[in-house]
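Taking it in order: structure first as C-alpha cells, then the write-up.
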C-alpha cells in the first residue's frame, strides 16, 4: 500500500529502486520497503514552502497513533545514516552524501511506516523524517529556522545530530532554538501574530525578504546566525508555554572522543548535557546571549537526553563511504553504540501528542498544512490556531462519517412502526456516535458542536423517513380497511345473515388486517374502524331487514289483494255457480216436473193405451178386428 515511484524535487532524485551501488558498495541483504518522499519543499524563487502530495498521502493512510522521529543538524554530518540504522539497512534507505554538497533539501519522510507495539498492547506507527542541514551553503537563516520549526512542531522525538562535544560553538549553532519563540506561538494574543525577521521587521509572505538579502545574509559555516542579540518577545514564560507542545529532545554527539568525567567522577551522557547547559558565569551581552540559549534549550525541551557515538572508522576514505560499509568494517565500539542508540530511539519514540490528544497520520498532515500555510502567509505558526483548524476539519469529516455510519446502520426493512423506527433510529445513532468519536478531535466544545450537527442531520433525516414510512403504512392500512368495509357492507346488505354472523365476519377481516400490517398506530385506527363498522353494519342490517320487511309486507299485501280478488272471483264464481245451480235446480225441477208430467202423461197415456188395447181387444173380439 505504501509503495510508490521515485520522487523528484527539481534539485535531485531520491530513489531506492534505481540507485546503483558503487564498486565497493554492497547492496542491503534485506532492502527496506518504501522510499524517501518529500514532505516539505522550499522554492527559492518564490520563497514559498509546499507539501509533497505523496508524503501527505502516506500520512493520511496512517489511521493509528503516529510517532515521528526527526533528525536535524548541520549538513553532511550523517543524519541520514542514523535514520537508515532505524530502518535496519545500510545504503538502501535515505540517501547519504559523500561530498560537500548536501543531499537533503527540505523535509523527507520514509514512505513505509514502521509498526510498533506499546506497553499496553496497542500499536502505533513510527515515521522517520530527514531534514535539510541547518547551515547548508545555499540556505538563508529564515529558511533554516522555518524548517527547524516545522521539524520541531511535527516530531514526537527530535534528534539534534552534531559532530564532537558540546562547546560554545555548538551552543551558538543552536541559537535558532531561541528563534522558535519568534517563529512559533502557542496561541494568538491581541491581533494576528506576524513572523518577524532577525532584525524585527515583518517577514515577507512571498520570500521578498530573501530576495533582498545580500550574500552576507546567508549563514556562514559556524556562525549559526547568532551575531544578533536574541530577545524572545515573551521571554522564558513563552518558551515554557511552548514546551508543553515540543517533542522529546535527544542531542546526538558523533565522533565523540572525550572521557565523560567531571573531577574524576564518571558521568553519563545526560549528565554531560546538563552540565553543558548550566549558566556561564560572567557579564556582558555575549554571556547573556549564551545563557539565554542554554535557558531556552532547557525550557523548550524539558524532556531531553544525550547519546554519544565514537568515530566509526579511522580511514577517511572509508568514512566518506560509511553507508556502504558492513558492520565488520566498523569499529566495534561504534557498532555497539549504534545498537544502543537505535534501541533508545525506538524506546523514546512515542506517539505524537498535542496536549492530551494523541495524533494520527491525518491529524499530523493537517497540522503540517496549517503550519506551512501560516509560514507562507508571513504569519507565525500558532499551535492553537493550527490545531483548531485541524480539529475543526477532522470534526467536520467525523460529522460526515457519522452521517454515513448512521445511514449504513439504519435497517431499511424496519417495520413502519413508531416504536420500531425509534428504536432503530437510536441504535443507528449509537453507530454514528462511535464513528464520530473514532475520528473527532479537539476541545469538548468543538466536538459537541459538530456532534450536535450530525445528530440534527440524522434526526432530520429520520423524521422525514419516519413520516414517509408511517404515511405509507397508514395509506396501506386505509386501503385494506376500505376493502374490508366494502366486503362487509356488501355482505350486510345482500346476504341473509344474522348480526352475529356479520360481527364474526368483521372480526375475521380485522384479524386479517392486523396480520398484514404492523405498528401500534394501527390499533386506535382499528378500534375506530370497528366502532364505525358495527354502527354502519347495524344500519345496513336494519336497512336490509326494513327493506325485507317492507318487501314482505308488500308481498303480503299483494298476496292479500290477490287472495281477496280470488275470493271475490270465487265468490262471484260461487254466486254464478249458485245461480247456475239454482237455474240447474230449477231446470232440474222443471225437468223433474216435466218428467213427472211426462211420466204422468205417459202413465196416463199408457193407461189410455192399455184401455184402448183392451177396448180394441175387446172390440175386435166383438167385431172380429
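To keep it simple, each residue is scored yes or no on (1) touching a residue at least 24 places away in the same chain (Cβ under 8 Å); (2) under 15 Å from the mean Cα position of the chain (by Cα); (3) in a helix (DSSP H, G or I).
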position: 370; (1), (2), (3): no, no, yes
position: 385; (1), (2), (3): yes, no, yes
position: 404; (1), (2), (3): yes, yes, yes
position: 432; (1), (2), (3): yes, yes, yes
position: 435; (1), (2), (3): yes, yes, yes
>> Any residue at all in the range 467-489 that's surrounded by 14 or more Cβ atoms within 10 Å (Cβ to Cβ), in a helix (DSSP H, G or I) and either modelled with pLDDT under 75 or touching a strand residue (DSSP E or B) at 6+ places or on another chain (Cβ under 7 Å) (or both)?
In response: yes
> Restricting attention to the range 455-466, does a residue exist that is outside the structural domain of residue 361 (by TED's automatic domain parsing), under 30 Å from residue 353 (Cα atoms), crowded, with 17+ Cβ neighbours inside 10 Å and within 22 Å of the chain's Cα centre (by Cα)?
Replying inline: yes
> Taking into account only those residues within the range 372-383 that are part of a helix (DSSP H, G or I) and under 12 Å from residue 150 (Cα atoms), which is farthest from the chain's Cα centre (by Cα)?
Replying inline: 375
>> If I filter the range 510-522 for residues that are modelled with pLDDT of 70 or more, more than 50 Å from the chain's Cα centre (by Cα) and surrounded by 12 or more Cβ atoms within 10 Å (Cβ to Cβ), do I get at least one hit?
In response: no
> Any idea which of 255, 259, 238, 233 is modelled with pLDDT of 80 or more and either surrounded by 12 or more Cβ atoms within 10 Å (Cβ to Cβ) or in contact with a helix residue (DSSP H, G or I) (Cβ under 7 Å, 6 or more places away or on another chain) (or both)?
Replying inline: 255
> Just checking, which of 349, 343 is crowded, with 19+ Cβ neighbours inside 10 Å, within 25 Å of residue 80 (Cβ to Cβ) and out of contact with any helix residue (DSSP H, G or I) (no Cβ under 6 Å at 6 or more places or on another chain)?
Replying inline: 349
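The values are calculated or read from the model by the stated rules, or taken from the named source; none is laboratory data. It should be emphasised that the depicted structure is a prediction, and the values quoted were computed from it without experimental measurement. Backbone-built Cβ (ideal geometry, glycine too); neighbour counts: all protein chains shown.
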